[in-house]
Amino acid sequence: MKQKIGRSYVKCRLKWIAAVTGCGIVMTAVLFLNEVPAGEIAYGMLLCLGILLLAVTMDRISYGRRHRELLALRQSITVSLDNLPEPGEILEEDYQQLLGLLAEEKMRIWNTAVSEKRDLMEYYTMWVHQIKTPIAALKLLIEEDIPGEEEPFGADRERLQQREKRRDEELQQLFAIEQYVNMALSYMRLGSETTDFVLRQTDLDGVIRMAVRRYARHFISKKITLHYEETGARVLTDEKWLGFVIEQLLSNALKYTHEGSITIGMEKGRLTITDTGIGIRAEDLPRVCEKGYTGYNGHANQKSTGIGLYLCSTILKKLGHSFTITSQEGTGTRVIVGFPEES
């Protein structure tokens, strides 16, 4: 570091050093041509050289000190320019004024961006809450489209079965819309300055049952077997956010499991969700929780957004829970959620 400062100082003062050296050489030549004794010339030059070295040394020390002061200001300069050292010359004063103008412009742009982001957040949050009303209304209308009490026969029975099948598909698509809306709302909340986490002792089985109940129709439609035994555990978490995570994990398991089963259990105080789906490639596994990353199987499935596992990972990290994914392609995937010891 000292060598770097020294080189910088020499480069900065090179013109003046060259000018003083040139003047010394000229004066020596003039005195020598005027037949001034060589001893007197040498004595005078030594005195000038001593004064010059003293001045250069003091200037070099001052240069290094100002450099260290500016380095120390790197931690606070992003907040305020008030701690800048007093300018030693008019050029330094000009540079500090320029920095002040840049800081003011930066703050103006920052405030504008924050205000615009807040407005967008408020709008999208309002939109998400408003869109839930027609979704709920559509769900009720579809569910009310049920046959009469009399048992139909022949062609009527076939039409009824087709209508019931179509109704199940409509409900599943409507559920998918609702899921994406909730995902968007969760994504916005996680990106906001404040969150609504409420940590308390929570019945884990209650959260799991609620998530399973929401996906019951999907289990039946895909003929996927669910293996679940009550854990009897109480964990320190946020019930709403943990429920969202479990729903996302079940959604992923159902999406990539075409036959077989999904198992929910508890091992060594950790929640496990295991499926017999298509699994995850080994090269994709380290990146599946990155935002927007879908991997090979995600590209094959056009419904994949690359947001679900990112949200799960981010939420669990904020809650202080561990999150581990193990998988083998063609065999299945296991997701493990660990809770704080105080749970």
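The values are calculated or read from the model by the stated rules, or taken from the named source; none is laboratory data. Since this is a predicted model, take the numbers as computed values, not measurements. Please note: Cβ atoms are built from the backbone with ideal geometry, for glycine as well, and neighbour counts cover all protein chains shown. All accessible areas refer to the heavy atoms of the entire protein, side chains included, with ligands and DNA or RNA removed. Shrake-Rupley method; radii C 1.70, N 1.55, O 1.52, S 1.80 Å.
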Check on Val79, of a type in the set (Val, Ile, Thr) and at pLDDT below 75: yes
Pairs with Cβ under 8 Å, 6+ apart, first in the range 272-285 and farther than 17 Å from Phe323 by Cα, second at pLDDT below 90 and open to solvent by less than 20 Å² (accessible area, probe 1.4 Å): Arg281/Gly295
Checked Thr133, Thr112 against criteria (at pLDDT 80 or above, surrounded by 10 or more Cβ atoms within 10 Å (Cβ to Cβ), of a type outside the set (Lys, Arg) and assigned to a helix (DSSP H, G or I)); the one match is Thr112
Just for the range 248-275: of the residues that are open to solvent by 60 Å² or more (accessible area, probe 1.4 Å) and out of contact with any Ser or Thr (no Cβ under 6 Å at 6 or more places or on another chain), which one is farthest from Cys312 (Cα to Cα)? Glu259
All positions within the range 227-247 that are out of contact with any strand residue (DSSP E or B) (no Cβ under 7 Å at 6 or more places or on another chain), in a loop (DSSP other than H, G, I, E, B) and open to solvent by 30 Å² or more (accessible area, probe 1.4 Å): Glu230, Gly232
Here is a list: Glu149, Glu122. Which entry is assigned to a helix (DSSP H, G or I), among the acidic types (Asp, Glu) and either at pLDDT below 80 or over 24 Å from the mean Cα position of the chain (by Cα) (or both)? Glu122
Report, ordered by the first and then the second residue, all pairs with beta carbons closer than 6 Å, sequence separation of six or more or different chains, a first member in the range 91-104 that is open to solvent by less than 70 Å² (accessible area, probe 1.4 Å), and a second member that is of a type outside the set (Asp, Glu). Gln96/Leu84; Gln96/Pro87; Gly100/Leu81; Ala103/Leu81
Tyr215 vs (1) surrounded by 15 or more Cβ atoms within 10 Å (Cβ to Cβ); (2) within 15 Å of Ser313 (Cβ to Cβ): all pass except (2)
Restricting the first residue to the range 164-175 and requiring it to be assigned to a helix (DSSP H, G or I), which pairs with a second residue that is open to solvent by less than 60 Å² (accessible area, probe 1.4 Å) meet a Cβ separation below 7 Å and a spacing of at least six or different chains? Arg167/Ile142; Glu170/Ile142; Leu171/Ile142; Gln172/His218; Leu174/Ile135; Leu174/Ile142
With surrounded by 12 or more Cβ atoms within 10 Å (Cβ to Cβ) and at negative phi as the only criterion, which of Gly44, Gly88 stands out? Gly44
